Structure formats: C-alpha cells, structure tokens
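Step one of this worksheet: look at the structure below.
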Amino acid sequence: MEYAGFWKRFGSYLLDMIIMIPIIGFTFWGNEQSRLFQIYYFFPGIFFGLWYNVYLVNRYGGTPGKLLLKIKISKLDGSDIGYKEAALRYSVLFFISILSAVPVLMVVLGMSDKEYFSMAWLERSSAIIERAPSWYNIVTIAINVWIYSEFIVMLTNKKRRAIHDFIAGTVVINKAACLTSSSNATTEAAL
C-alpha cells in the first residue's frame with residue numbers, strides 16, 4: 001500500500017471545494033431571493049452532505065476530488081470501506097456544521113423580510129453573527145480548530161492519516177499503486 005501524501009490529499013480537498021462552487025453559488029443566490037431560503041435548504045443541505053461525504057465515499061472509495069487525483073480511502077488492511085467507516089469519517093464535521101447552522105437559522109427566523117432585505121450581503125452576514133447566541137462563537141472556533149487539527153495531525157504521521165482517519169480506522173492510498181500491487185498478485189497467482 002502506498003499512502004497518499006499531504007499535498008495530494010490537500011489537492012483533493014481543494015478540488016472538492018471547486019466542485020462545490022455551483023452549490024455555494026446557488027445558496028448565495030437563494031439567500032438573496034428569500035429570507036427563509038436557509039430554512040428551506042437546511043435538510044436538503046444535510047442530505048447533500050451525507051450523499052457527498054458518506055454515500056460517494058462508500059460507493060466509490062472517495063469524494064470526487066479524491067477520485068480525480070486517483071487516491072482512495074480504505075481500511076487499514078487495504079480493503080474497501082463500508083458505510084460505518086464513511087459515516088465515522090464525516091461525523092465530527094457533520095455535527096459541527098449542524099451546530100453552526102442552527103443559530104443562524106434562529107436569527108433569520110427572528111428577522112422580518114423588510115429588515116433582512118434592507119441590508120447588503122456583507123452587512124446582513126455581520127448582523128446575523130452579532131445576533132447569534134454566544135455559543136455560536138464557540139462552534140465557529142471549534143470548526144476552525146477541527147480543520148487545522150486535521151491538517152496538523154496529517155502532517156505528523158507517516159501514513160498521513162487525519163483525525164477522522166483515526167476515528168474511522170481508515171487510510172488514504174494511491175489508487176494506481178493499489179491497482180499495480182493487486183495485478184502483480186494476480187499474475188503471481190496465475191504462475
């Protein structure tokens with residue numbers, strides 16, 4: 001097994017962000033059309049996140065960014081992961097994301113349409129953050145700590161495992177090296 005390096009994994013993360021640009025653009029557009037868009041999008045957004053980070057990872061061995069860079073997520077022994085491992089990998093980010101969305105929804109529900117649309121996007125974002133419950137700041141800090149910790153941990157071990165890999169018992173490997181070693185094993189078995 002050849003473990004995917006930091007830059008390849010970071011590149012896959014950036015590719016996933018680029019792939020998400022249409023969804024992000026749609027949410028910006030929706031927030032300009034309706035004060036309640038964030039409420040309408042809450043559950044579809046949750047399901048999209050689960051589909052992208054759990055279903056696709058279970059089905060194909062990685063998110064589209066990983067697949068484009070020819071890396072895949074596997075169990076420590078090199079076997080394919082299941083829904084359990086995929087869900088565990090996504091679990092912390094999933095819960096932190098929900099915790100960060102709820103206070104925003106609470107604030108938006110407390111605003112009138114007139115107040116909401118009287119502000120430009122940046123001003124509205126600042127007003128929502130200012131009005132959010134105090135624990136929203138703790139959640140925001142937790143998200144940042146989680147993401148930076150993921151990268152730091154990935155840089156400090158030979159297998160380039162992030163915290164979510166340790167939680168799920170997974171590693172990220174180079175797909176080409178995996179295919180080469182399995183075809184060599186098949187050739188040797190045939191001889």
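Name the single residue, out of those in the range 125-169 being under 16 Å from LEU88 (Cβ atoms) and in contact with a strand residue (DSSP E or B) (Cβ under 9 Å, 6 or more places away or on another chain), that is surrounded by the fewest Cβ atoms within 10 Å (Cβ to Cβ).
Selected residue: GLY169.
Residue-wise test of (1) more than 15 Å from the chain's Cα centre (by Cα); (2) of a type in the set (Gly, Ala, Ser); (3) part of a helix (DSSP H, G or I).
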position	(1), (2), (3)
ALA87	no, yes, yes
SER91	no, yes, yes
MET106	yes, no, yes
TRP146	no, no, yes
ARG160	yes, no, no
PHE166	yes, no, yes
ILE173	yes, no, no
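Against the condition over 22 Å from ILE152 (Cβ atoms) and hydroxyl-bearing (Ser, Thr, Tyr), how does THR63 come out, does it pass? Don't jump to the end; show me each part of the working.
Numbers: over 22 Å from ILE152 (Cβ atoms): no; hydroxyl-bearing (Ser, Thr, Tyr): yes.
For THR63, the condition - over 22 Å from ILE152 (Cβ atoms) and hydroxyl-bearing (Ser, Thr, Tyr) - is not met.
Looking across the range 27-55, the residues that are in contact (Cβ under 8 Å) with a residue 60 or more places away in the chain, in a helix (DSSP H, G or I) and closer than 16 Å to ALA120 by Cα come down to PHE28, ASN31, GLU32. Could you tell me whether any residue of the range 43-65 is closer than 25 Å to SER134 by Cβ and out of contact with any strand residue (DSSP E or B) (no Cβ under 9 Å at 6 or more places or on another chain)? Yes, the conditions are met somewhere in the range 43-65.
Only one residue in LEU109, LEU68, LEU36 is in contact with a Leu (Cβ under 9 Å, 6 or more places away or on another chain), among the aliphatic types (A, V, I, L, M) and under 16 Å from ASN174 (Cβ atoms). Which one? Let's see the steps before the verdict.
Values: LEU109 fails: under 16 Å from ASN174 (Cβ atoms); LEU36 fails: under 16 Å from ASN174 (Cβ atoms).
Step by step, each of LEU109, LEU68, LEU36 is checked, and only LEU68 is in contact with a Leu (Cβ under 9 Å, 6 or more places away or on another chain), among the aliphatic types (A, V, I, L, M) and under 16 Å from ASN174 (Cβ atoms).
Every condition in (1) of a type in the set (S, T, N, Q); (2) buried (at least 17 other Cβ atoms within 10 Å of the Cβ); (3) out of contact with any Lys or Arg (no Cβ under 6 Å at 6 or more places or on another chain) holds for SER79 except the one numbered (2).
Consider LYS114 carefully, then state whether it is outside any loop (DSSP other than H, G, I, E, B), loosely packed, with under 11 Cβ neighbours inside 10 Å and either at pLDDT 95 or above or touching a helix residue (DSSP H, G or I) at 6+ places or on another chain (Cβ under 9 Å) (or both).
On the way: outside any loop (DSSP other than H, G, I, E, B): yes; loosely packed, with under 11 Cβ neighbours inside 10 Å: yes; either at pLDDT 95 or above or touching a helix residue (DSSP H, G or I) at 6+ places or on another chain (Cβ under 9 Å) (or both): yes.
Criteria met by LYS114.
Among residues of the range 111-139 that are more than 19 Å from PHE28 (Cβ to Cβ), none has a Cβ under 6 angstrom from a residue that is loosely packed, with under 14 Cβ neighbours inside 10 Å at a sequence gap of 6+ or on a separate chain.
The values are calculated or read from the model by the stated rules, or taken from the named source; none is laboratory data. Please read all numbers here as calculations on a predicted model, not as lab measurements. Note that each Cβ is placed from the backbone with ideal geometry, even for glycine, and that neighbours are counted across all protein chains shown.
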